[in-house]
Amino acid sequence: MHVLKDIFLLTGQSYGTSSNAYAVLGEGAIILIDCGTGSEDLKLIEQNLAQWGLEQYPISHLLLTHSHFDHSGNAHIFSKRGVQLIAGSGDAEGIETGDERTLFYSYRQNYVPCQVDRKVKDGDIFTLSGLQFEVIHVPGHSRGSVVYKLIHRNQVILFTGDTVMPGPNGQPKLGVTVAEDFNAEHYLKSLNRLSKMEADAVLGGHFQPCLRNATFLLRRGYRTGLIQLRAPSIPTLQ
């Protein structure tokens, strides 16, 4: 799916799978954001790159929003193909060891660990194939979750992973809370931080991309967090 100029959705709900993977066309190369779980997602990535005529461009980098299996499970394959892997420093160890931080226990296949070439932290800015990305560390869903901010063609685009996404009804959806390193307090702080930012598009790790009212989605995301992630302020009557 051609989402925005030079930005493509390669896997996800639109294709009958769960997690989203995106391709951004830079100057002579493709940057991937997340890469799905297994062979089905990998096949979709390859087929859709070919469908959009992008197979002629090499994939130079894979940016991982977090270590969970459904977003980084195919990272080892791209690493073997010479693609450089980038991930938040707080989640890189999970990717490199394949331990519980990947949620491997939720999936039938085994997680194949691989080396992360660049471990990024909050505020890092780097340029790949003429595209400038900024790292926003958003712990909570996982310890090292990050948002990648891209300003492209005068639009602010946030690749948010599972931290906040537009759900099926257009309302904010948060990531699952089953990870060992999930932290509700940190998650709320991250959502509060995002609620003060502006964006033209929020491209989340699941569901459909948000291409309108993205700033409002970020604001409502904090409200959703307050409802779902903290204890009720009024005791339940017995």
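The values are calculated or read from the model by the stated rules, or taken from the named source; none is laboratory data. Just so it is clear, the structure is predicted and the values come from calculations on it, not from any experiment. When we count neighbours, we look across all protein chains shown, and the Cβ atoms used for this are built from the backbone with ideal geometry, even at glycine.
Residue by residue through the stretch 53-83, note down the ones that are of a type in the set (A, V, I, L, M), in contact with a strand residue (DSSP E or B) (Cβ under 7 Å, 6 or more places away or on another chain) and not in a loop (DSSP other than H, G, I, E, B).
Residues satisfying the conditions are 59, 62, 63, 64, 75.
For the stretch 82-92: of the residues being surrounded by 15 or more Cβ atoms within 10 Å (Cβ to Cβ) and more than 16 Å from the chain's Cα centre (by Cα), which is nearest to residue 181 (Cα to Cα)?
84
Only one of (1) in a loop (DSSP other than H, G, I, E, B); (2) crowded, with 20+ Cβ neighbours inside 10 Å is not met by residue 95, so which one is it?
(1)
Given the criteria surrounded by 16 or more Cβ atoms within 10 Å (Cβ to Cβ), modelled with pLDDT of 95 or more, of a type in the set (Ser, Thr, Tyr) and farther than 22 Å from residue 143 by Cα, does residue 11 qualify?
yes
Under the condition of being in a helix (DSSP H, G or I) and either touching a Gly at 6+ places or on another chain (Cβ under 9 Å) or touching a residue at least 40 places away in the same chain (Cβ under 8 Å) (or both), which residue from the stretch 98-113 is farthest from residue 76 (Cα to Cα)?
Of everything passing the filter in the stretch 98-113, 106 is farthest from residue 76 (Cα to Cα).
Output the residue which, of all residues in the stretch 201-218 that are part of a loop (DSSP other than H, G, I, E, B) and not hydrophobic (A, V, I, L, M, F, W, C), is surrounded by the fewest Cβ atoms within 10 Å (Cβ to Cβ).
212
Report the residue count in the stretch 37-53 for those that are crowded, with 16+ Cβ neighbours inside 10 Å and free of Cβ contacts under 8 Å to residues at least 60 places away in the same chain.
Of the residues in that region, 6 qualify.
Within the stretch 149-168, restricting attention to residues that are part of a strand (DSSP E or B) and of a type in the set (S, T, N, Q), which residue is surrounded by the most Cβ atoms within 10 Å (Cβ to Cβ)?
160
Being in a strand (DSSP E or B) and buried (at least 21 other Cβ atoms within 10 Å of the Cβ) is the filter here; which residues of the stretch 169-200 pass it?
Matches in the stretch 169-200: 172 only.
Within the stretch 114-148, how many residues are of a type in the set (Lys, Arg), part of a loop (DSSP other than H, G, I, E, B) and crowded, with 17+ Cβ neighbours inside 10 Å?
Qualifying residue count for the region: 1.
Please find, within the stretch 24-71, the residue that is modelled with the lowest pLDDT out of those that are among the polar types (S, T, N, Q) and within 22 Å of residue 180 (Cα to Cα).
Result: 37.
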